[in-house]
1. Could you work out how far apart the two model spin labels at VAL217 and GLU94 are, taking each label as a point 7 Å from the Cα in the direction of the beta carbon, and quote it in nm?
2. Once label points are set 7 Å from the Cα along Cα→Cβ at both GLN150 and LYS401, what is their separation, rounded to one decimal in nm?
3. Which residue fluctuates the most in the chain, going by a Gaussian network model with Cα springs under 10 Å, if the choices are GLY202, GLY314, GLY335?
4. In percent, what relative contact order does the chain have, based on Cα pairs under 8 Å that are 6 or more apart in sequence?
5. If you take every residue apart from ILE286 with its C-beta less than 9 Å away from the C-beta of ILE286, what net charge results, scoring Lys and Arg +1 and Asp and Glu -1?
6. Mind running the shape call on the range 248-322? Use the C-alpha gyration tensor, a ≥ b ≥ c as the square roots of the eigenvalues: rounded below 1.5 for a/c, prolate if a/b tops b/c, oblate otherwise.
7. Just rank VAL145, VAL386, fewest to most, by other beta-carbon atoms within 10 angstrom.
8. Considering amide H positions built from the backbone, and no H for Pro or chain starts, which residues 5 or more places from ASN352, or on another chain, come under 5 Å of its amide H?
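Nothing in this text is a laboratory measurement; each read-out follows from the coordinates by a stated rule. All values reported here derive from a predicted model rather than from experimental measurement. No Cβ is skipped: glycine too gets one built from the backbone with ideal geometry, and neighbour counts run over all protein chains shown.
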Amino acid sequence: MKAIILAAGKGSNLNPFSNTRPIPMISVAGRTLLDNSLRQLKNAGINDVYIVVGHHKERIQEFIAGKTDDGMNIHCLEQKKNGGIGDAVLQVKEKISPGEYFLLIYGDTLTDENIYSKAQQSFHSFKCPVASICLPPSNESFGNVFLNAQMKINKIVEKPKGSNFGNYVLAGVFVLPELFFDLLKKNKHSMEKSLQTMAKKGDLMASMWENEWLDIVYPWEILQANKIVLDSWSESSIAKSAVMESNVTIQGVVKIGENAVIKAGAVLEGPCSIGKGSYIGNNSLIRSYTSIGSNCSVGYGVELKNCVVLDKSGIGRLSFVGDSVIGENVDIGAGCMTVNRNTNWERIQVKNKKTVFSTKMKKLGAFVGDDVVIGAGNTIQPGTVVLPGKKIPACYSVTNKT
């Protein structure tokens with residue numbers, strides 16, 4: 001069976017991180033969403049993969065070009081205009097043979113176990129098309145699914161209004177026949193209407209997914225995705241080439257990459273991840289649910305808590321970064337702080353461009369895009385979005401003009 005991964009969308013609600021990469025190239029726990037999907041596909045016995053690319057396609061193409069030793073046949077097909085999900089699926093029409101079934105995957109979802117194997121098992125059991133479904137954290141933003149006692153899907157409602165919610169939502173994984181392309185054409189490339197047509201005919205069964213699942217829509221959900229992956233780890237892994245100085249304390253499950261350096265007095269509280277070539281300074285505190293990318297630098301006495309730091313970023317001495325996502329190649333000066341709660345404990349709001357989102361979270365830090373420079377001594381308000389490339393001067397309390 002061949003797999004199709006949809007990776008062309010812009011994901012504007014995921015700014016500032018989707019500004020500079022496609023969503024599947026966002027990293028959690030040291031691995032991109034796309035890499036997680038490909039590893040699960042390989043473990044499910046699927047080696048022929050087509051990735052539909054568009055927004056920042058070069059990031060995915062470069063990543064695929066570097067994967068030469070895993071035995072998978074991976075091809076990129078471009079969706080040249082933003083025509084929606086159905087149009088993206090149609091880009092692969094010529095690659096699927098008549099009568100053949102294929103696995104369709106939304107590239108912005110994450111699970112803790114192999115949802116693709118489960119979908120295949122359901123397909124072989126029902127011997128007809130299947131859609132993976134799950135219980136969501138909330139129903140409003142997802143395609144709601146209604147089914148009967150035999151697991152047959154009889155109705156799909158995209159983004160329902162009022163109280164018309166189903167108990168389950170689409171999980172972004174499907175096993176579909178080659179004839180589905182014809183349905184897309186008849187329904188003007190509408191994925192929703194095409195699935196609804198199958199459901200009305202009684203041709204679509206549900207594959208129940210009961211483990212962790214997340215559709216990453218907003219930047220704070222990167223933290224949730226990171227937690228899902230870290231919670232799935234059961235044992236530590238420390239590369240032989242990693243340098244651990246004396247008096248380093250490790251608690252819980254920790255993964256440390258090749259050539260990482262952990263200086264004396266550092267404390268690592270798992271689950272956490274430190275990428276290859278990264279430097280953790282003396283007396284730093286790396287608290288649970290922190291993932292540090294490759295070739296990062298964490299200075300003396302820094303505290304990191306429940307955060308994702310992407311590759312090649314540096315955090316200066318005596319800084320605190322909590323409940324935050326830091327992009328690639330970010331330079332945070334000494335003594336900076338991401339404030340992660342309001343003084344009155346009100347739920348934190350995030351303003352992304354002109355839209356204000358309620359996160360329903362009482363603790364949340366900052367979202368710092370790629371290539372940002374934040375000068376020493378800055379304090380960052382909870383829920384702040386810093387766009388890629390922004391330069392923030394150091395914050396001085398005493399100057400030569402005083």
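1. 3.6
2. Roughly 7.8 nm, to one decimal.
3. Evaluated over the chain, the most mobile residue of the options is GLY202.
4. Here the relative contact order equals 12 percent.
5. It works out to a net charge of 0.
6. rounded
7. VAL386, VAL145
8. Amide H neighbours of ASN352: PHE357.
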